[in-house]
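First comes the structure, then the notes that go with it.
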């Protein structure tokens, strides 16, 4: 079901505003967090913008490696999304012996195509990104810009350059964070028409 | 039904990734466009990030005034959103006599509280913003950062700092753009729980 997405279509993966998971790796260390504040920034080559709080361990790994992965978690991953969004990778890295969320929480993952960050199994889409350095922007606003260098999606719900949720079960719909761990799933679709 | 939203809650208005309308005004000129690429950037004071293409007339008005409004259109406004997103304010401004989308398309609007940009009637939320100047960022990536200085929402669907779509008709749900004028509306909600 996992299928490559042409880079020119990658912006569509985030166009409808889903909450994302963010992973990064540097040397032997890796981490995973959740972020509701991510969006496309350009079509082709595709770029994205994402807010990564300076207090996160993921931020350290992104700063050190210049890479990150954005993933669109599925309706089946609401608990996982809340859990990785509310636990500290730093604490696990400093434990004796050191560990990480993937190991501690048994999160299935696989190797990315172009970057070192691990990708989470069961997501609906995966965007592998290289940071476009704007140190002042990251310092002032925790904002990172990145170019998407590889993209994949679950072909059951993303094909032909567009999400198709109409016939998908809740487990195959994206998560959109309202607050406090509550998400809405995409529901009915509507076609807007240009008026004369 | 329109009610002030405390600024500390304003980020929640965009947290779930809706498509927005963007308005701006400068002197006698005003315009309105659609944008799918907008997100919160900070909580309190609330800030936002939005991509505004350099070819748009709205961009000229934002650059000249330093202000913009972001609005969350409702399910009833899918046609309006597609229409303003696919017509040129520049062409209307250069017509003889000059006009604008509000007049030409009969779009109901009302005065903002803190900025000059007109606000569109029937939206679900309205965020009045002042640009945080990053000229290099706007020049390189069409990206604008702004501080939210006033916020309102339709209290039927936003109260207590959170969207409540579960019992709302489609006409009172936000629009999330999939592509080509097709949107998904928020559907069922799910509560994620932190695992041990």
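The set of residues in region A:10-36 being facing chain B (nearest Cβ under 9 Å), over 10 Å from the mean Cα position of the chain (by Cα) and either over 16 Å from residue A:164 (Cα atoms) or surrounded by fewer than 23 Cβ atoms within 10 Å (Cβ to Cβ) (or both) consists of A:15 alone.
When B:137, B:70 are checked against the criterion of being surrounded by 19 or more Cβ atoms within 10 Å (Cβ to Cβ), more than 15 Å from the chain's Cα centre (by Cα) and within 30 Å of residue A:147 (Cβ to Cβ), B:137 stands alone in meeting it. Among the residues making up region B:69-97, those that are more than 24 Å from residue B:173 (Cβ to Cβ) and in contact with a helix residue (DSSP H, G or I) (Cβ under 8 Å, 6 or more places away or on another chain) are B:87, B:88, B:89, B:90, B:92, B:93. Considered as a group, the residues in region A:108-130 that are over 27 Å from residue B:144 (Cα atoms) and outside any loop (DSSP other than H, G, I, E, B) include one that is nearest to the other protein chains (Cβ to nearest Cβ), and that residue is A:120.
Residues of region B:44-73 that are touching a strand residue (DSSP E or B) at 6+ places or on another chain (Cβ under 7 Å) and within 14 Å of chain A (Cβ to nearest Cβ): B:45, B:46, B:47, B:48, B:49, B:50, B:51, B:52, B:70, B:72, B:73.
If we scan region B:186-195, do we find a residue that is in contact (Cβ under 8 Å) with a residue 60 or more places away in the chain, under 30 Å from residue B:65 (Cα atoms), within 12 Å of chain A (Cβ to nearest Cβ) and crowded, with 18+ Cβ neighbours inside 10 Å? No - not one qualifying residue is present in region B:186-195.
Of the residues making up region A:117-134, those that are surrounded by 15 or more Cβ atoms within 10 Å (Cβ to Cβ) and within 30 Å of residue B:136 (Cα to Cα) are A:117, A:126, A:127, A:128, A:129, A:130, A:131, A:132, A:134.
Checking each residue in region B:92-122 for being closer than 11 Å to residue B:32 by Cβ and touching a strand residue (DSSP E or B) at 6+ places or on another chain (Cβ under 8 Å) picks out B:100, B:101, B:102, B:107, B:109, B:117, B:118, B:119, B:120.
Of the residues making up region B:161-185, those that are facing another protein chain (nearest Cβ under 7 Å) and closer than 19 Å to residue A:158 by Cβ number 9. For residues that are assigned to a loop (DSSP other than H, G, I, E, B) and within 11 Å of another protein chain (Cβ to nearest Cβ), scanning just region B:83-104, find the one that is surrounded by the fewest Cβ atoms within 10 Å (Cβ to Cβ). Filtering first and then ranking leaves B:86. Identify the single condition in (1) touching a strand residue (DSSP E or B) at 6+ places or on another chain (Cβ under 6 Å); (2) surrounded by fewer than 24 Cβ atoms within 10 Å (Cβ to Cβ) that residue B:79 does not satisfy, given that it satisfies every other one. With (1) touching a strand residue (DSSP E or B) at 6+ places or on another chain (Cβ under 6 Å); (2) surrounded by fewer than 24 Cβ atoms within 10 Å (Cβ to Cβ) applied to residue B:79, the lone miss is (1).
Each reported figure results from applying straightforward, stated rules to the coordinates on display, with no laboratory input. Everything quoted here is computed from the prediction, not taken from an experiment. All Cβ positions, glycine included, derive from the backbone under ideal geometry; neighbour counts span all protein chains shown.
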